[in-house]
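Peer 1: Can you read through this structure? Questions will come right after.
The values are calculated or read from the model by the stated rules, or taken from the named source; none is laboratory data. On a predicted model such as this, the values are computed, not experimentally measured, just so you know. With ideal geometry, Cβ positions are generated from the backbone for all residues, glycine too; neighbour counts draw on all protein chains shown.
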Amino acid sequence: MAEKRGSIAFSATYRPPVPLDIFSCPLQTTSKQDELPMTDGVNYNYNGQEISSAALKTILKREKLASEGKEADVNSGRLTGMVFVSERQEGLELLHIALRFNDNPPKVKVFCLADVFGKANFGGARMEDSGCIAGDNLVYVTTKDPAPDRRQPWTAVYKTNLKTGKTDRLTLSGEADLSPSVAPSGTKIAVASFQEKAGGWDGEIEDLQTDIFVMNVEKPFNRKKVVTNGGWPTWGSDNVIFFHRKEGEFWGVFRADLSNGMESRVTPDGIKAMTPAAINATTVAVATIRQKSEFLEVVRVEAQYRHIEIFDSTGQQQNIRITQNTMPKADHFNPFVIDGGKRIGYHRCTSDRLKSGEDIQRNTHKLDSPHPEVGLFRVPGIFPTFSKDGSKLAFVDNEFKAVWVADSKGMRIVYQTKGPDNVFSPVWSQNPEKDILYVNMGPSFQSKEILNICAIPDVASGAHRRVQLTKGSNNAFPSTNPDGTKLVFRSTRDGGDEKHKNLYIMENAQSGEFGGGEITRLTNGPWTDTHCQWSPRGDWIVFSSTRDKPEGTPKKDNGLDPGYFAVFLVKANDPSVVVRVMASGSDVAGHVNHPFFSPDGKSIVVTADLAAVSADPVSLPLFLHSVRPYGDIFTFDIDPDNINKNKNVKKFNRITHSRYENSTATWTMFSTQDPNAAWNMLLNKAFTPSCPYAHSDGVQDLLSPSSNNKEKLKVLYLLLMYREPRTLQQPLLLQKLINLSCPQVKLTLTPLQEPIASSIGLRNHCLLRVNGLSIIITGCEGLFQPRPRRSPRLRAGARLSLLYPVGGGGDGTGTVVATSALDMAGT
C-alpha cells in the first residue's frame, strides 16, 4: 500500500514567501514598463538561460515538442526558448523548457525535462539547476546521485544530447561541481568545483571557496584548473572567464584571461558584486548591493537592494544601472544574457503583483517522495507537529508570533502573542485525549534570555489560554511520554556562565515546576543537549547534542553555533545508557538536528547537512539573519528493541533535495491520502498568515488593512510630539497618554537597550508596537525644542524617520514611512 508508513511534514526557511519570477529588460531602462515578464508569476521560477536558435530547432524535433512549432517560427523570431528552474512538478526544483510564442498576446508553454527526454534520466526525487546549451547538448547540475562521502555535495554536472537524449556525467566520479557555463564556441565548459579543496565542503555559510575548472564538452575532457578561489564562472570569449570571489568583507567580480593567466577586478571594492553574466570579453552583467545592510537594521535604502548593473572591464565605459529604474525597492538575482546582450534577464519576487495592504498567502505543498511508503509535504510555517491520532496538525508562523492548527474545523490560530519572536516549537501531548499543545514562550536563539515552556490546554475549545510550566533560565523543546504525564525538555538552568544545555524530566506535565512539581535532571555535561523527543513506546529519548565535539576545535562553527551536532539515544529510566546514533561528517563535524521518531519507532527523521550544499549560497535570496543556509530532510532506520545496536548508523535516506533549508520535520502514522486525517484536505490550499503586507513597489505597508489607519497615524504623531528625554524615561506614562487619546489602538512602548542601539547605529530612539506591528522611532539629539509647561515643539529643520521591519522578499528589511513630525501632522 502506498504511504503505509505514514507521512512526513517539514518546514522550509530562506524560501521567499512571495514566488520568484523571471523578467528581462533592455540595457537602457527608464521605468517599470521596460520590464518584460517571462514566466507565469504563479510558480516559483528562477535561474533562466536563453536557448539558442540552433538548439531550439533541435529540441523541436523531439517527439513531445514536434507539434509545438517549426523551424520557420524560430527563424522569424515568433518562437524563442528558455531553460529555467521551476517548482511546479510535485514541489521539486527541476529544470523546465519554456517555448515563448511572440503572438498578440504572447503565450508560453512549459515542459519539464522528463516530458522532453523521458523519465529514465529525469525521474525521481532530485534537484536540477544551472541549465545551459553547449552545441547539441543541454548541460546542467543534478543531485540525483549520492556523494560517496558523507557531508559532501551531491551536485554533479551532466549533459544530455538534444537529438538522442543520451545522458552522460561530466563531473569526475567522487567530486562535486556547481554553476556550469558554456563557452561561446559551445565546445568547453567551466564549473565551480570542490575538486582540489582540502576536505571538500567544510560547512561554509556563504563563501564556498571553490576553484574554477575548464573541460571539453566531448572526450577527451582535458579537465584543468584555471582559477583558484572563484565561483559562478561565465565566458566572455573562449579565452575569457568572469567569476565572483570574496576578498575581505566584499564580494567582487573578476576577469580571468586564460591565454596569459592574468586576473583583474572588474567591480569596485567597497560594494558587493556577484553572479556575473558575460555579454562579451569586456562587458558583464552583475548583481550588486552597493550599501551593506546590518542585522537588526529595519530600513533599507535603494543602494541596499540587490540590483542588476552592466560593467565594462576596460574602464572606458560607465556602468549601466538597469533594475534601479524598474523596481528600485526589490532584490534582483542572477542575471543572464538574451539576444546577444540586447536584453538582460533575472529573477525577483513578484510582490508588485500584490495589492497594497494585501496579505501574502502561503500554501501547504505535497511533494514527490523518494520513498513510496512515506508521504511528504511542506507546511507554510515552522515547527509542524501532529497529534498522536493524526487528526490535527499544528505549526507556528514564520514570525514566531502565532500558533496555527489544521483539523476538521479548518485552519485557524489557536494562540497569538503580542509581537514576533515570542512563540515557537509547538508539540502535541502524545496522549490525544488530553488535547494539549506545549510551546516555547520567549525569544528564539537567545540562550541567555528567559524562555519558558507553556501548555495550551483544550485546544479545540478555542479558549486561547496558556499555562506556564517553567520558571527562570532558558527552557525549550518539550516532549511528553506516551501517556502525557511527563515532559522531557532542555534547559540552561545548571549551565553556568557558558549556558550549557542539558535534558530534564518534568515529572508532572500538568503543573510543571509549580505546585510542588518535581524536575529531574536526565543528562549532565558542559555541552549542548537539545531537540529532544520521547519515543512512542516511552523507553527511549532521542536528542541532538554536541557532547562528542573534539577538543581544540573552534568554539563556533563558521561563526554561528557550536557545530558538531549528532543524534543520540538515551534510556528514559537509565541516563547512563547513551549511544550516538548518527553524525554528519566522519569526524562528527556538521549538523544532525531536530530528530523525530516515526510512529512505529523503527526510524528517525532529522534535519541534517549530510548532503552539504546544493547551490552557491550568495546567489540565493537569504534572510539577513540567516542561522544556517543548508539542510535537507533525511531518515535512518534503527533497531527499536536494542539500543546498543543503534551505535553509529551508517545508512541514511535523503528525503528532500533543495537549495533552501528544509528543517523541523515531524512524522504521522497517516497517509496524505487518508480521509481520516482532516489536515490533508488542506494540502495545496492557500492560507493567509498575519504578516507580512506588501506594497506594489516591492516594499511593505506600515499599516495593516483595517479601518483605523487614521488612529494609528495619530498614535505616531502623538508619540513624536511627546518624545523628549524626560518622557522617554517614563514609557508607561507616555503609553497612557497615547492610549487615552487613541482608545481604539493597542499600543506598547519600550525604550531600546543601548547595546542594540550601538549595533545598528541608532540613538535617542524607541520601539513602538502598534496592533502587533513593531516600529522603531529614531531621530537625532536636539530633535525637540523644550517649552516650559507645554508640549515640546519640533526644532526647525529637524528630521526624523519612522522605521518598521518587513520581510516580503525574505530579506528582513524595511522602509522609511515619514521623515518628520510635520509630515505626520499633515496626514
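Peer 1: Can you find a residue in the stretch 43-50 that is outside the structural domain of F111 (by TED's automatic domain parsing), of a type in the set (G, A, S), in contact (Cβ under 8 Å) with a residue 24 or more places away in the chain and not in a loop (DSSP other than H, G, I, E, B)?
Peer 2: No - not one qualifying residue is present in the stretch 43-50.
Peer 1: While we're on this one: Looking only at strands (runs of 3 or more DSSP E) that lie completely in the stretch 368-453, which have at least 1 residues being surrounded by fewer than 16 Cβ atoms within 10 Å (Cβ to Cβ)?
Peer 2: Once the strands (runs of 3 or more DSSP E) in the stretch 368-453 are filtered for at least 1 residues that are surrounded by fewer than 16 Cβ atoms within 10 Å (Cβ to Cβ), what remains is 410-416.
Peer 1: Another question, then. Test S11 against the stated conditions and say whether it is within 22 Å of the chain's Cα centre (by Cα), modelled with pLDDT under 95, not in a loop (DSSP other than H, G, I, E, B) and not aliphatic (A, V, I, L, M).
Peer 2: yes
Peer 1: In the stretch 460-505, which residues are surrounded by fewer than 24 Cβ atoms within 10 Å (Cβ to Cβ) and within 20 Å of Q416 (Cα to Cα)?
Peer 2: A460, S461, G462, A463, H464, R465, R466, V467, Q468
Peer 1: Within the stretch 23-37, track down each residue that is touching a Phe, Trp or Tyr at 6+ places or on another chain (Cβ under 6 Å) and buried (at least 18 other Cβ atoms within 10 Å of the Cβ).
Peer 2: E35
Peer 1: Here is a further query. Looking only at the stretch 215-233, filter to residues that are touching a residue at least 24 places away in the same chain (Cβ under 8 Å), assigned to a strand (DSSP E or B) and more than 31 Å from the chain's Cα centre (by Cα); which one of those is farthest from L620 (Cα to Cα)?
Peer 2: N216
Peer 1: Tell me, which residue of the stretch 571-610 that is β-branched (V, I, T) and either touching an Asp or Glu at 6+ places or on another chain (Cβ under 9 Å) or assigned to a loop (DSSP other than H, G, I, E, B) (or both) is nearest to G390 (Cα to Cα)?
Peer 2: I604
Peer 1: A further question follows. Please determine whether any residue of the stretch 154-167 is closer than 22 Å to Q49 by Cα, under 23 Å from the mean Cα position of the chain (by Cα) and not aliphatic (A, V, I, L, M).
Peer 2: Looking for residues that are closer than 22 Å to Q49 by Cα, under 23 Å from the mean Cα position of the chain (by Cα) and not aliphatic (A, V, I, L, M), one finds at least one in the stretch 154-167, hence yes.
Peer 1: Picking from D207, D211, D238, which residue would you name as being touching a helix residue (DSSP H, G or I) at 6+ places or on another chain (Cβ under 8 Å) and acidic (D, E)?
Peer 2: Result: D207 is the single residue among D207, D211, D238 that is touching a helix residue (DSSP H, G or I) at 6+ places or on another chain (Cβ under 8 Å) and acidic (D, E).
Peer 1: Scan the stretch 524-571 residue by residue and report those that are among the aliphatic types (A, V, I, L, M) and touching a Leu at 6+ places or on another chain (Cβ under 8 Å).
Peer 2: I541, V542, V570
Peer 1: May I pose another question? For F670, state whether it is within 14 Å of the chain's Cα centre (by Cα), at pLDDT below 90 and assigned to a loop (DSSP other than H, G, I, E, B).
Peer 2: no
Peer 1: Where in the stretch 493-538 are the strands (runs of 3 or more DSSP E), entirely inside, with at least 2 residues that are more than 22 Å from V467 (Cα to Cα)?
Peer 2: 529-534
Listed here are the residues, each with its yes/no results for (1) surrounded by 22 or more Cβ atoms within 10 Å (Cβ to Cβ); (2) of a type in the set (A, V, I, L, M, F, W, C).
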residue: E204; (1), (2): no, no
residue: L208; (1), (2): yes, yes
residue: N216; (1), (2): no, no
residue: V240; (1), (2): no, yes
residue: E247; (1), (2): no, no
residue: V253; (1), (2): yes, yes
residue: I271; (1), (2): no, yes
residue: V286; (1), (2): yes, yes
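Peer 1: OK, next. Considering each of A583, A566, A612 in turn, give the residue that is of a type outside the set (S, T, Y), under 30 Å from W251 (Cα atoms) and surrounded by 19 or more Cβ atoms within 10 Å (Cβ to Cβ).
Peer 2: Sole residue among the options that is of a type outside the set (S, T, Y), under 30 Å from W251 (Cα atoms) and surrounded by 19 or more Cβ atoms within 10 Å (Cβ to Cβ): A612.
Matching residues to (1) crowded, with 18+ Cβ neighbours inside 10 Å; (2) modelled with pLDDT of 90 or more; (3) assigned by TED's automatic domain parsing to the domain that holds P478:
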residue: D637; (1), (2), (3): no, yes, yes
residue: N642; (1), (2), (3): no, yes, yes
residue: K645; (1), (2), (3): no, yes, yes
residue: N648; (1), (2), (3): no, yes, yes
residue: N653; (1), (2), (3): no, yes, yes
residue: T656; (1), (2), (3): yes, yes, yes
residue: N662; (1), (2), (3): yes, yes, yes
residue: A665; (1), (2), (3): yes, yes, yes
residue: D674; (1), (2), (3): no, no, yes
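Peer 1: Can you spot a residue in the stretch 301-311 that is of a type outside the set (F, W, Y), buried (at least 23 other Cβ atoms within 10 Å of the Cβ) and touching a Cys at 6+ places or on another chain (Cβ under 9 Å)?
Peer 2: Scanning the stretch 301-311, I find at least one residue that is of a type outside the set (F, W, Y), buried (at least 23 other Cβ atoms within 10 Å of the Cβ) and touching a Cys at 6+ places or on another chain (Cβ under 9 Å), so the answer is yes.
Peer 1: Which of the following residues is of a type in the set (D, E, K, R) and modelled with pLDDT of 95 or more: K197, K163?
Peer 2: K163
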